Structure formats: structure tokens, C-alpha cells
Amino acid sequence: MKRLIIFLWFWIGFVEVVNAQHTFQISYETEKDEFIQNSLIDNEGNILLVGNSGFTLDSKNALILKIAPDGTLQSKLIERQDTVGTFSEVTMLDNGNYFVSGSYNVGNDFYAMDHFWVVIFDENLEILAEHSYGINEPYVKYGDLHRSIVNKEREVAVVATNKRMVNNYLRDDFIMFRFSQQGDSLSSVQYESWPSAQPNSFDSIPGTDSLMMIGRGVLNTGQESLNFLDMEMNITSSVNISDLDGHKRYTNGNWLNSDEFLMLSNWILDDDKGREYLFSVFRVNTSGQYLQELHLDRPDTLEYAAYFTNLVVAPDSLIYVGGFQSYNNVSSTPSNCIIYLIDKELNLIGRKNFGGDANYTLMGIEATSDGGCFAYALQTNMHDRWYYERDVVMWKFLREDFEIITQLTDQPTMALNSKAWPNPAGDVLHISLDGLPTGSDFRLQIYNTAGQKYFDKALTATTKSVQCQIGVLPAGTYVYQLRTATGQVDSGAFIKQ
């Protein structure tokens, strides 16, 4: 039987702190089905998660969780008679309070969420203000995918969706809101979409008065696009970014400057070996040009980027990228979550596997002020063939929990008749570059025998070998590859003692 601790005013939670000062794993477990929509990390290092909880669709209630840096968990469930609701997005206000948007229905119909909902919470999760805005015809409900930011005018700008019936099908259109930081509505703009609106990310463009939303539905082709908005939430232009076949769900994670940013995308790749599911990090400019790409995948697996916040920047400017290995989500088969550590030049320098003891769907990650990473996932529990319920599981990792190759430097070729030496290797491995002309650009990639990528770095052949500090790699057999723009140049295997 699950453990359930009930406090006054719907404070519910179960906490298992492994090390309150460093790392932890905690769970929010009830007999209800939980779903988390989005997250933020505030100025005090607390993590806020929002979503809903309920046994069935006609009993769903809005949920907010707050996790302190030591792993202490607070929760609040908004239960009201004959009302169902959900929270979709949380944004931090200038005064440290939390602006939460969502939707609700009076009448217990989760499929008819006809009120847009704004709630202001203080640091103790007490409600300070609450506003709701009804649906306008011909629309019948609000969607549950919101994106919000505090813009340069210190207003809360929100990209959301609402639904109307078209040929007996519900179609999502965009609706853009502006609110004061007290939750009062300032304006709204409606945009019809085709075939359906999907806002995946929303940002202010640094150094400008423009905003950028990545999503589908603005272009009449239905393809993913960069969509530029002014401060009044009017869409001023759009750029198609669906040039790469098989990509979908693009999300922006980090601006490199006012023109270039990093973007994450799932990718479905079909070749003569079959279909492969993976995700990639791209360096892209605001003209929609793809400038660089880093594949993050394992062969012969189904891998997806985390659903919501999936690319975050640590205080030292290294970047965490979150994903999970899926077995069709609703399954009793255990699945793994993974966080990659990369730099802004799109070099893979570390990784962390976790989960594996249940079916997990990684929903998002947040970078913590101590250089670590917080991750949250839904654990699916199958009760029979037709019934399942989900719990929220959360982890906090420090940088030393990641498997990292700490150093890679050019070294002259040693007098050994080998491509990689010593073999077996302890802390240091040398790899020959004899097959590469001096001055040529290449990538050095290192995998284990299960196909998990441990290292992927762009280099230039300035000498005859490179030296890798591999002391932190787990013992085992590894494969390295040297790849140029035209394909694989060389490969080999080595044993890490």
C-alpha cells in the first residue's frame, strides 16, 4: 500500500531524502493520477511544479508542488465542489510571488475547460489573487498547453490555445494574453491556426523588443516555425523551420546572442535499417538556418526529449539536456531517463542515467544554483490492462554524479604500433589521428558497447594524436569513432580498467 501523509489545507506528500544537502530522490504519491505540466526554479533555489491530480477526468484538480533545495516537499491541491481544473504554467514575478495560469470548468467536465484561470501564490503557496476569464464563441474550451514570460514592460505575456469545432473536430487556435503582475487582463489577441496550434516555447529575444514563439499552426502548411511577436502580442512574421524531414516538437533552450540560439528537437529517422527515434540539439539563427547539430541517441532504442523544460543552463554555462527511453509510455516495462551535459559549442562531455526500475516519462529538468540538475518524471503504475495511474518522482543530482571525460588535449604520437594506447587504459587514453590531414575538422565520439554515447566533441587535427582523461568512466569496453563532415574516418575499441 502506498504511503499517504495528509496535512491541513490539502498539503499532501511523501518525501524520501537521500542526502538533504547534496542529492535526493523524492516522490509525490497518492492513489490519484498525477500529471505535471511545467516548472521553474526561483531566486531561492526552490523548484515549482504545476499540473493536476485526480482519480478520473471528472475529479481532476489543480496541483502545485514546491521543493526546497534540501528536498523538503510542499504541495497544494485546489479542490472545489463540482469543479475540475488544471494548472499549465508557472512564472516568477518581480516580487518573488508565483503567477500560475491554467483552466477550469464548473460542472466536472474536464473536456470543457471554459474558464482561463490566473492564480497568484506567495512563497508559502497561499493564494493572494485569483482571476478567471470565460470562453468566447465559437470556442468551447481552453487548451492545457501554455507558455508565459515576464516581458521587458514587466507584464506577464502568455501564449495559450483555445478550441473550436471544425467539421466535427476540435481545432486548437492561438490566443495571446497580456496580464499585469497582479493578474489583471491587459489585452488578448486571437489567431486561427491550421491544422492545430501548438506553442512549444516562448522567449524574449535578448537586446530587442521582440518576442519569439516556436510552434506549429501559424503557417498555413501546419509546419513548425519561428514566430516573432511585438510587445502587444501581435505576430509580425514567421519562418519555417521544418526543413529537416522527421523533426518535430522544437523547443528553444538558450540564447547565444540576439540572433543565435540552441534548439532541441525530437527526430524520427528512417533508413535501410528501419526507424530510429532520437533527439538532437541544434544551433539555429533567427532566419531559420541550421548552423550545427549534436545527435543524442542510442542505436535501436526509442528516445525522446523531455516533454517540457528539456534544455537548461548551469551557472558555469554548461548545459543539461534531458530525455527518456520510451516503451510507448503506458507500459509495465522499465524505462530509463537520461541527462546529457554539453557545452555551448555542442560538445557532449558528460551524461547521467537514472530510473530503470519502473516506467518513467521525463517531463522536465531545471539547473540548480550549485551546478547540479533537478529532474522530474511521471512513474506509470499499471493496475490492469485498462487502468493505470501516475505518480511524480523527482531527483536532484550534483555535477560529480555525472560521468564525464574531464580533459582532452593534443599530444604527439607515441612510439607504439596502435591506434589507441595503452589498452587496457586507466586514467589516460591516447588516440592516433594518423588518418586525418593536419588542419582538418573532425568529431571524436566515444560509446560503450550498449551504444550509449559518453563523449562527442568537435576538434581540429593539429597534431598526430589526442589525449583523453578517462578516469571517471566506468570500467568496461568502449568504442571510439573519428568522424568528419563526409563520414567516419576511423574507429576502434579500448578497455577502461
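Sequence gap at least 6, Cα distance under 8 Å: using those rules, report the relative contact order of the chain to the nearest whole percent. Don't skip to the end; give the middle numbers.
Numbers: 1395 pairs, mean separation 41.8, N = 497.
About 8 percent, as a whole number.
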Taking segment 8-401, how many lysine pairs are there with alpha carbons less than 25 Å apart, if each pair must be eight or more places apart or span two chains?
21
Taking the dipole about the Cα centre of the chain, with the C-beta of Lys and Arg at +1 and of Asp and Glu at -1, give me whichever of Asn359, Asn136, Ala375 is farthest to the positive side.
Asn359
Can you give me the convex hull volume of the Cα atoms of the chain, divided per residue and expressed in Å³?
163 Å³
Would you list which lysines come within 19 Å of Lys419, measuring only between C-alpha atoms, while excluding same-chain residues fewer than 8 positions from it?
Lys457, Lys464, Lys496
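With +1 on each Lys and Arg Cβ and -1 on each Asp and Glu Cβ, how big is the dipole of the chain about its Cα centre, in debye rounded to the nearest 20?
Numbers: 36 positive and 62 negative charges, 204 e Å.
Charge dipole, the chain, about its Cα centre: 980 debye, nearest 20.
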The distance between the Cα centres of segment 285-305 and segment 154-190, in whole Å, is 30 Å
Selected from Ser242, Met165, Ser193, residue furthest toward positive end of dipole (segment 131-258; charges at beta carbon)
Met165
Could you tell me the relative contact order of segment 407-496? Use alpha-carbon pairs under 8 Å, at least six residues apart, and round to a whole percent.
35 percent
Would you work out which of Met92, Tyr111, Cys337 lies farthest towards the positive end of the dipole of the chain, given +1 charges on the beta-carbon of Lys and Arg and -1 on that of Asp and Glu, about the Cα centre?
Cys337
For the ranges 460-468, 173-181, what's the packing order if you count other beta-carbon atoms within 10 Å of each residue, average per peptide, and put the highest first?
173-181, 460-468
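Sequence gap at least 6, Cα distance under 8 Å: using those rules, report the relative contact order of segment 75-187 to the nearest whole percent.
Result for segment 75-187 is 19 percent.
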Cα-centre dipole for segment 407-496 with unit charges at Cβ (Lys and Arg positive, Asp and Glu negative), debye to 20
140 debye
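Packing-wise, with mean Cβ within 10 Å as the measure, how do 59-69, 114-124 rank, highest first? Intermediate values should be presented prior to the final figure.
Working: 59-69: 21.9, 114-124: 18.9.
The most tightly packed comes first, giving 59-69, 114-124.
Each reported figure results from applying straightforward, stated rules to the coordinates on display, with no laboratory input. Everything numeric here is computed off the predicted structure, so don't read it as measured data. All Cβ positions, even for glycine, are placed from backbone atoms using ideal geometry, and neighbour counts span all protein chains on display.
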